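What follows is calculated from the coordinates using simple rules that are stated; it is not laboratory data. Keep in mind the model is a prediction, meaning the values are calculated, not measured. No Cβ is skipped: glycine too gets one built from the backbone with ideal geometry, and neighbour counts run over all protein chains shown.
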Amino acid sequence: VEAVEPGNVFYRAYRTADPQAFVAVEVYADRAAHEAHMNSEHRARAAARVVELLDGAIKAERLEQVW
């Protein structure tokens with residue numbers, strides 16, 4: 001998906017083997033861009049809506065690219 005937020009390189013959503021789970025991957029140009037996203041109003045609104053749709057909590061994990 002084409003990035004539309006400054007500093008966002010891309011984002012993708014994936015299905016997992018568990019039909020009740022999915023993984024969203026977001027890549028940012030740098031830590032500052034990620035922090036700006038995390039502190040944005042649109043992200044807060046989206047997260048609140050996503051939580052309403054989930055059967056559990058959001059689990060976030062920071063990954064480090066190795067290649």
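Under the convention that each Lys and Arg Cβ holds +1 and each Asp and Glu Cβ holds -1, the size of the dipole of region 20-67 around its Cα centre is about 80 debye.
The GluC sites (Glu not before Pro) of the chain meeting both criteria, a DSSP state outside H, G, I, E and B (loop) and at most 11 other C-beta atoms within 10 angstrom of the site's C-beta, are GLU61, GLU64. Compactness check for the chain: Cα Rg over 2.2 N^0.38 Å is 1.19. Taken along the Cα-to-beta-carbon direction at a fixed 7 Å, the label points for LEU63 and PHE10 span 1.2 nm. Between GLN20 and ALA48, full extension at 0.36 nm per residue minus the direct alpha carbon distance yields a gain of 8.2 nm.
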